[in-house]
Amino acid sequence: MAPPPSIESDPIFLDAIDQDHLTDLQSDFILRIRAVERDDGGEQRKGEELRNKIVDMYTPSMLFFPELLRHPALHQSLLTLLLKRKVSMPIDATQRSVINLAQGLFVDSGATSVAVRFVHD
């Protein structure tokens with residue numbers, strides 16, 4: 001008898017991370033991304049819809065707050081999520097993922113230079 005077909009579901013954003021070792025702000029970041037990565041029907045948001053939800057939720061100063069920058073996996077995982085979900089972003093392999101995120105996420109809102117400044121400060 002053949003095994004049942006595999007049902008592949010996309011993982012929940014940073015599901016395996018131990019939130020006991022995170023600050024409240026870092027934990028809130030994860031929960032907020034999880035809240036917008038799917039629509040009310042449980043379907044994945046993709047492309048510009050996902051980007052817009054995140055940009056509407058986070059200003060550059062909030063997304064690149066020093067407390068969030070202290071845990072690089074947060075921004076690396078967000079960038080990975082966005083790229084997997086077909087959000088169009090220019091990627092420079094010579095830059096850190098947080099810089100790529102700052103340069104690519106806020107492009108349409110015109111806040112790219114502001115976002116990059118927060119990362120460098």
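Please treat every number below as a calculation from the coordinates, not as lab data. Note that this is a predicted model, so its numbers are computed, not measured. Because the Cβ atoms are built from the backbone with ideal geometry, glycine has one as well, and the counts that use them run over all protein chains shown.
The helix-based estimate of mean residue ellipticity at 222 nm for the chain, built from -39,500 (n - 2.57) per DSSP H run of four or more residues and divided by its residue count, is -14500 deg cm²/dmol to the nearest 500.
Taking amide hydrogens as placed 1.01 Å from N in the peptide plane, the amide H of ARG38 sits under 5 Å from those of ARG45, each at least 5 positions away in sequence or on another chain.
Other residues within the sphere of radius under 15 Å centred on the Cβ of ILE91, judged by their own Cβ, net out at +4 (K and R +1, D and E -1). Using only side-chain charges placed at the Cβ, +1 for Lys and Arg and -1 for Asp and Glu, the dipole size of region 22-120 relative to its Cα centre rounds to 260 debye. Within the listed set LEU68, LEU81, LEU25, the Gaussian network model of the chain (springs between alpha-carbon atoms below 10 Å) gives the highest mean-square fluctuation for LEU25. 3J(HN,Hα) along region 50-56, derived from phi through the Karplus expression 6.51 cos²θ - 1.76 cosθ + 1.60 where θ = phi - 60°, amounts to 5, 4, 4, 4, 6, 5, 5 Hz, with x in place of Gly and Pro. Taking θ as phi - 60° and the Karplus parameters 6.51, -1.76 and 1.60, the scalar couplings of region 89-97 work out to 9, x, 10, 10, 4, 7, 9, 5, 4 Hz in sequence order, x denoting glycine and proline. What distance in nm separates the simple spin-label points at ALA16 and LYS46, each placed 7 Å from Cα in the Cβ direction? Between ALA16 and LYS46, the label points sit 2.5 nm apart. Projecting the Cα atoms of LEU14, ALA73, ALA102 onto the charge dipole of the chain, computed from C-beta unit charges around the Cα centre, puts ALA102 farthest toward the positive end.
Does region 22-120 come out rounded, prolate or oblate, given a ≥ b ≥ c as the square roots of the eigenvalues of its C-alpha gyration tensor, rounded meaning a/c under 1.5 and, failing that, prolate meaning a/b above b/c? Intermediate values should be presented prior to the final figure.
Values: a/c = 1.56, a/b = 1.16, b/c = 1.35.
Here region 22-120 falls in the oblate category.
Modelled spin labels at ASP28 and ARG70, positioned 7 Å past Cα toward Cβ, are 1.5 nm from each other.
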